[in-house]
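Down below is the structure, laid out as structure tokens.
Every number in this text was worked out from the coordinates using simple rules, so none of it is lab data. In this text the structure is predicted, and so the values were computed from the model without any measurement. Glycine gets a Cβ as well: all are built from the backbone with ideal geometry, and neighbour counts include every protein chain shown.
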Amino acid sequence: MTRITPSRPLRGLVALLLASALSHAAVRAGDADADWKALAALDVGPQEKPPTEAGAREAILAHLAKQERALRGFLSAHADDGRAFEARLRLARLLQIRGDFQESDKVRAEGAKILDDLEKTATPEQRVELDFAKVARLMRNLREVTPARRTELLAAARKFQEAHPADRRLAELLAEVATLFDAQPKVKEALLADAEPLAKEDQLKARIADDLKRVRLLSQEVALTFTSIQGREIKLADLRGRPVLIVFFAAPSRPSVGAILAVQNALTELPPSSVHVLGVSLDEKRETLDAFLQARAVKWPVAFDGQSWESPLVRSLGINAVPTVWLLDARGRLRSLNALTDVAGQVRLLLRER
């Protein structure tokens, strides 16, 4: 079962791409095979585990610097080796990652130039890796998701799909791009429908099935009944007449705190009693949940059964990430899969429909 705590879009594939870049060690300018083996020796990434976030950042940057020296050394010593193309791709990825860490447009630009130069010499066999690297670069550039960048990435993903329909990474690529299109359900469903038959791994299959279940619930009346931890019987059918926000969360999830704060802040901007709010906890221990709700002053009715991701309620709705915030209209129809984007604004739109 997919269990995700997202902090930004494209979390899974970006992590995969990061791991693929963290794979290089110091080169001694000796035998090419030995030097390539040395490059692969750091696949596991930094071995230090600093206790602070600042320390972890320094360790990653130091590791990236070591990898960069190794890659440049390999390319200098073995420019004609058959693995030089892959080494350049890895260097381009690494520079993008380092540029993001250091917020350096100059470093990012060098990585982009490497890809542009490879465009001139890539063989048909190398083309697939270069094309994927270009899509990956667009993903990593999504520090701010604008309509223009979203459209650009969609076009690039579809172009990759057309050119390389059998590529092993295509299912995950399409599923990741689909995460950006909650507000365009037809696009989202089309991407997921294309990804579904291509998925091979059980986890990816389950994730895509969940994502399709959610998007196909849009505009439908949601059936939800539970006994809240406060002892109240909750039926969505009894809450008609006002919009309903449903917050799926888990106490150990730091982004869940941000989601709850966003909803609480939105309520202060809306007319009193204009919207119902419900919570669905994916926690396993009641005491953890109780402490969390008390600390956050949450008074909404909250569903909890201690089954976390295997909860029948959660499974029936295809929830596979926290936080997730849904918005239903006054007739109980699901209108937004991502109500965290301007909570108050989305609610106001529904209030004007009444």
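For the peptides 62-74, 123-135, 84-96, the ranking by packing is 84-96, 62-74, 123-135, with the highest mean count of neighbouring Cβ atoms within 10 Å listed first. Here the Karplus curve 6.51 cos²θ - 1.76 cosθ + 1.60, taken at θ = phi - 60°, turns the phi angles of segment 261-266 into couplings of 4, 5, 5, 4, 5, 4 Hz, with x standing for Gly and Pro. Footprinting exposure proxy ranking of 304, 249, 101, fewest other C-beta atoms within 10 angstrom first, gives 101, 304, 249. The phi torsions of segment 320-335, fed into the Karplus equation with coefficients 6.51, -1.76 and 1.60 and a -60° offset, translate into couplings of 9, 8, 10, x, 10, 10, 9, 10, 10, 7, 5, 9, x, 8, 5, 10 Hz, rounded to whole numbers, with Gly and Pro shown as x.
Using a 10 Å cut-off around each Cβ, can you sort 256, 76 from fewest to most neighbouring Cβ atoms?
Numbers: 256 24, 76 10.
Ranked by crowding around the Cβ, least crowded first: 76, 256.
Around the amide H of residue 302, modelled in the peptide plane, lie the amide H atoms of 229, 230, 279, all under 5 Å away and 5 or more residues distant in sequence or on another chain. Across segment 11-216, the mean sequence separation of Cα contacts (distance under 8 Å, 6 or more residues apart), normalised by length, yields a relative contact order of 14 percent. Applying the Karplus relation 6.51 cos²θ - 1.76 cosθ + 1.60 with θ = phi - 60° to segment 54-61 yields 3J(HN,Hα) values of 5, x, 5, 4, 4, 5, 5, 4 Hz, where x marks Gly and Pro. In the chain, Cα pairs under 8 Å separated by at least six residues give a relative contact order of 17 percent. Summarising the label geometry, the points placed 7 Å from Cα in the beta-carbon direction at residue 158 and residue 113 lie 3.3 nm from one another.
Checked against a 19 Å cut-off, the cross-linked pairs 188/213; 134/205; 37/113 give Cα-Cα distances beyond that limit for 134/205; 37/113. Estimated at 0.36 nm per residue, the fully extended path between residue 81 and residue 141 surpasses their Cα-Cα distance by 18.5 nm. For the residues 33, 305, 167, a GNM of the chain with alpha-carbon springs under 10 Å puts the largest fluctuation on 33.
Evaluated at 10 °C with a viscosity of 1.306 mPa s, what Stokes-Einstein diffusion coefficient in µm²/s does segment 225-353 have when Rh comes from the Kirkwood expression over alpha-carbon pairs?
Details: Rh = 14.7 Å.
Estimated diffusion coefficient is 108 µm²/s.
Across every direction, the projection of the convex hull enclosing the Cα atoms of segment 214-258 has a mean area of 4.6 nm².
Ranking 99, 51, 181 by how far each Cα lies toward the positive end of the dipole of segment 11-216 (charges on Cβ) leaves 181 at the top. A viscosity of 0.692 mPa s and a temperature of 37 °C, combined with the Kirkwood radius over C-alpha pairs in the Stokes-Einstein formula, give the chain a diffusion coefficient of 145 µm²/s. Between helix 11-21 and the chain there is an angle of about 20 degrees, using the helix long axis and the longest principal axis of the Cα atoms. Taking the average, over residues, of other Cβ atoms within 10 Å as the packing measure, peptides 336-342, 148-154 rank 336-342, 148-154 from highest down.
Helical runs (DSSP H, four residues minimum) scored at -39500 (n - 2.57) apiece and divided by the length of the chain put the mean residue ellipticity at 222 nm at -17500 deg cm²/dmol. Comparing 232, 335, 242 in a Gaussian network model of the chain, where Cα atoms under 10 Å apart are tied by springs, the biggest mean-square fluctuation is seen for 232.
Please give me the summed charge of the neighbours of residue 108: other residues whose Cβ is under 13 Å from its Cβ, Lys and Arg +1, Asp and Glu -1.
Combined, the nearby Lys, Arg, Asp and Glu give +2.
For the chain, the longest principal axis of the C-alpha atoms and the axis of helix 124-140 are separated by about 50°. Shape index of segment 11-216: Rg/Rh, with Rg the Cα radius of gyration and Rh the Kirkwood radius from the inverse mean 1/r over Cα pairs, equals 0.99. Counted by neighbouring Cβ atoms within 10 Å, the residues 299, 188 run from fewest to most as 299, 188.
Can you give the FRET efficiency to the nearest 0.05 for residue 221 and residue 242, using r as the Cβ-Cβ distance and R₀ = 25 Å? Computed FRET efficiency for residue 221 and residue 242: 0.95.
Annotation: amide H of residue 320 has no partner in the under-5 Å range at sequence separation 5 or more or interchain, hydrogens built in the peptide plane.
Report the residue, chosen from 208, 97, 114, that carries the largest GNM mean-square fluctuation when the chain is represented by alpha-carbon nodes joined by springs under 10 Å. Result: 114 has the largest fluctuation of those listed.
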